[in-house]
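Chemist: Structure incoming, see below.
The values are calculated or read from the model by the stated rules, or taken from the named source; none is laboratory data. Keep in mind the model is a prediction, meaning the values are calculated, not measured. For neighbour counting, all protein chains shown are included, and Cβ atoms are generated from backbone atoms with ideal geometry for every residue, glycine included.
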């Protein structure tokens, strides 16, 4: 099997890192790898904030629910959907930046940031490092924006911890190919496919936790839909002047 493909298929999130910072050369290479990702119309509508200040990391860890690996990691990156740069360019050229307030432009920025982040994640693992995405920084997006001095027309989307893993793990079983892939049109999948995957996930949790946890995947998804979360996101996005049109 191709080495790159094998690396992709062996991915797992790391939640315990050695207390060893990344070098400046490593950080630069990771950021340049992120920049090499595809970008819509060459807009490059994202920014990456490296967080090395222990006080800011500690506060971001608190916001994220006490995740120690937000604080103790080689480097913490925060990916920002960034159209503020475009606003600055429009103003310098005396152009109207009204298109920046459309939902389409916001989606472009979010997708650009996600593609760049995944490039960085793949590069990190190729360098022998471990990674974990931190969507929980959105638990208090106003506080995060204040901490990181985020301007209007920009949104902090998620963190990405990268560092030296304390120990090795194994990939969590993904959904079977048949549940994810559709040919030519969307196809409603048979219940039996979900049931088979439930068994796989239940066995995975049982073996990993010694029987302490044995929930199925569909139970996990159903539980997560019971209560809406982060209901302040819509108001925050509008305050940042994004997605208004």
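Yes/no per residue for (1) under 23 Å from residue 152 (Cβ atoms); (2) within 19 Å of the chain's Cα centre (by Cα); (3) in the same structural domain as residue 15 (by TED's automatic domain parsing):
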{"residue": "36", "(1), (2), (3)": "no, yes, yes"}
{"residue": "39", "(1), (2), (3)": "yes, yes, yes"}
{"residue": "64", "(1), (2), (3)": "no, yes, yes"}
{"residue": "69", "(1), (2), (3)": "no, yes, yes"}
{"residue": "82", "(1), (2), (3)": "yes, yes, yes"}
{"residue": "93", "(1), (2), (3)": "yes, no, yes"}
{"residue": "96", "(1), (2), (3)": "yes, no, yes"}
{"residue": "110", "(1), (2), (3)": "yes, yes, yes"}
{"residue": "117", "(1), (2), (3)": "yes, yes, yes"}
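Chemist: Something else now. Report whether or not residue 143 is touching a residue at least 24 places away in the same chain (Cβ under 8 Å), in the same structural domain as residue 77 (by TED's automatic domain parsing) and touching a strand residue (DSSP E or B) at 6+ places or on another chain (Cβ under 9 Å). Spell out how you get there, then give the answer.
Modeler: Working: touching a residue at least 24 places away in the same chain (Cβ under 8 Å): yes; in the same structural domain as residue 77 (by TED's automatic domain parsing): yes; touching a strand residue (DSSP E or B) at 6+ places or on another chain (Cβ under 9 Å): no.
Spelling it out, it is not the case that residue 143 is touching a residue at least 24 places away in the same chain (Cβ under 8 Å), in the same structural domain as residue 77 (by TED's automatic domain parsing) and touching a strand residue (DSSP E or B) at 6+ places or on another chain (Cβ under 9 Å).
Chemist: For the list (1) under 19 Å from the mean Cα position of the chain (by Cα); (2) surrounded by 10 or more Cβ atoms within 10 Å (Cβ to Cβ); (3) over 30 Å from residue 27 (Cβ atoms), I need the number of the one condition that residue 214 fails.
Modeler: (1)
Chemist: OK, next. Identify, by number, the condition in (1) within 25 Å of residue 142 (Cα to Cα); (2) surrounded by 13 or more Cβ atoms within 10 Å (Cβ to Cβ) that residue 16 doesn't meet.
Modeler: For residue 16, the exception is condition (1).
Chemist: Here's a follow-up. Just to verify a result, which residue in the stretch 73-123, among those that are in contact with a strand residue (DSSP E or B) (Cβ under 6 Å, 6 or more places away or on another chain) and part of a loop (DSSP other than H, G, I, E, B), is surrounded by the most Cβ atoms within 10 Å (Cβ to Cβ)? Let's see the steps before the verdict.
Modeler: Within the stretch 73-123, the first condition is being in contact with a strand residue (DSSP E or B) (Cβ under 6 Å, 6 or more places away or on another chain), and the residues that meet it are 73-82, 84, 109-110, 112-113, 116-117, 121.
Applying the additional criterion that residues be part of a loop (DSSP other than H, G, I, E, B) yields 73-74.
Details: 73: 33, 74: 23.
Among them, the one singled out is 73.
Chemist: Still on this structure: Could you list, in sequence order, all residues of the stretch 143-179 that are part of a helix (DSSP H, G or I), modelled with pLDDT under 95 and out of contact with any helix residue (DSSP H, G or I) (no Cβ under 9 Å at 6 or more places or on another chain)?
Modeler: First, pick out the residues of the stretch 143-179 that are part of a helix (DSSP H, G or I): 143-148, 177-179.
With the extra rule that they be modelled with pLDDT under 95, the set shrinks to 177-179.
Matches in the stretch 143-179: 177 only.
Chemist: To continue, here is another question. Please tell me if residue 40 is surrounded by fewer than 19 Cβ atoms within 10 Å (Cβ to Cβ) and in contact with a helix residue (DSSP H, G or I) (Cβ under 6 Å, 6 or more places away or on another chain). Break it down stepwise before answering.
Modeler: Numbers: surrounded by fewer than 19 Cβ atoms within 10 Å (Cβ to Cβ): yes; in contact with a helix residue (DSSP H, G or I) (Cβ under 6 Å, 6 or more places away or on another chain): yes.
It is true that residue 40 is surrounded by fewer than 19 Cβ atoms within 10 Å (Cβ to Cβ) and in contact with a helix residue (DSSP H, G or I) (Cβ under 6 Å, 6 or more places away or on another chain).
Chemist: Next up: When only residues in the stretch 46-56 that are over 17 Å from the mean Cα position of the chain (by Cα) and outside any loop (DSSP other than H, G, I, E, B) count, which is nearest to residue 117 (Cα to Cα)? First the steps, then the outcome.
Modeler: To start, the set of residues in the stretch 46-56 that are over 17 Å from the mean Cα position of the chain (by Cα) comprises 52-56.
Filter again for outside any loop (DSSP other than H, G, I, E, B), leaving 54-56.
Working: 54: 22, 55: 24, 56: 21 Å.
Per the stated criteria, the residue is 56.
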